[in-house]
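Presented below is the structure to which this report refers.
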Amino acid sequence: MTEDDLDWVVEAEALLHAFPWTRGNFADSLAAGYRCSILQSENRRIAYAVVLHVLDEAHLLNISVVASAQRGGAGSLLLEHLRAQALMQGARHFFLEVRPSNEAAIALYRKSGFTEIGRRKAYYPALEGREDAIVMKLDL
């Protein structure tokens, strides 16, 4: 992902999430040196992700697949790419948070080897109040 991708990423994010990241969130991630990735298929951007690497840990902050490409393997492909990159950068553990209501994402993460290690109460904004986060971990 580069600055040139931000218009597309912000537009996709707004279509995919009720509480989307802002352009500033993505720009700050790029500026801070987070691993920001775009997945393309047939010269078309279909997914993106942001990963923070700290010491021997990788933290998946955002992974999203455009609606027209969901359930076609793009999420698994991108997640595997991110796992391999984290391993190459010396990460031994990969962490993420996910909404309990996001059953498709939870299934993807479990299929990829992530296990639930805890919960963060009232972590995410929701239409009515707040929603917990399931914390998941993959040992690399």
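Mind listing whichever residues of region 40-61 are surrounded by fewer than 20 Cβ atoms within 10 Å (Cβ to Cβ), of a type outside the set (D, E) and in contact with a Phe, Trp or Tyr (Cβ under 9 Å, 6 or more places away or on another chain)? Reasoning before the result, please.
Keep residues of region 40-61 that are surrounded by fewer than 20 Cβ atoms within 10 Å (Cβ to Cβ), which gives 40-45, 52-57, 59, 61.
Still in the running and of a type outside the set (D, E): 40-41, 43-45, 52-55, 59, 61.
Correct list: R45, L52, H53, H59, L61.
Please work out if F95 is in contact with a Phe, Trp or Tyr (Cβ under 8 Å, 6 or more places away or on another chain), aromatic (F, W, Y) and either without any contact (Cβ under 8 Å) to a residue 12 or more places away in the chain or over 21 Å from A18 (Cα atoms) (or both). Steps first, please.
Working: in contact with a Phe, Trp or Tyr (Cβ under 8 Å, 6 or more places away or on another chain): no; aromatic (F, W, Y): yes; either without any contact (Cβ under 8 Å) to a residue 12 or more places away in the chain or over 21 Å from A18 (Cα atoms) (or both): yes.
Here the answer is no, as F95 does not meet what is asked.
For region 120-140, which positions are modelled with pLDDT of 95 or more, over 16 Å from L61 (Cα atoms) and among the charged types (D, E, K, R)?
Of everything in region 120-140, those that are modelled with pLDDT of 95 or more, over 16 Å from L61 (Cα atoms) and among the charged types (D, E, K, R) turn out to be K121, R130, E131, D139.
Against the condition of a type in the set (K, R), free of Cβ contacts under 8 Å to residues at least 40 places away in the same chain and exposed (fewer than 12 other Cβ atoms within 10 Å of the Cβ), how does R23 come out, does it pass?
Working: of a type in the set (K, R): yes; free of Cβ contacts under 8 Å to residues at least 40 places away in the same chain: yes; exposed (fewer than 12 other Cβ atoms within 10 Å of the Cβ): no.
In short, no.
Test L6 against the criterion of being farther than 23 Å from R99 by Cβ and part of a helix (DSSP H, G or I), and give yes or no. Don't jump to the end; show me each part of the working.
Values: farther than 23 Å from R99 by Cβ: yes; part of a helix (DSSP H, G or I): yes.
Yes; evaluated as a whole, the condition is true for this residue.
The values are calculated or read from the model by the stated rules, or taken from the named source; none is laboratory data. Keep in mind the model is a prediction, meaning the values are calculated, not measured. A quick note on method: Cβ atoms are made from the backbone with ideal geometry, for glycine too, and the neighbour counts reach across all protein chains shown.
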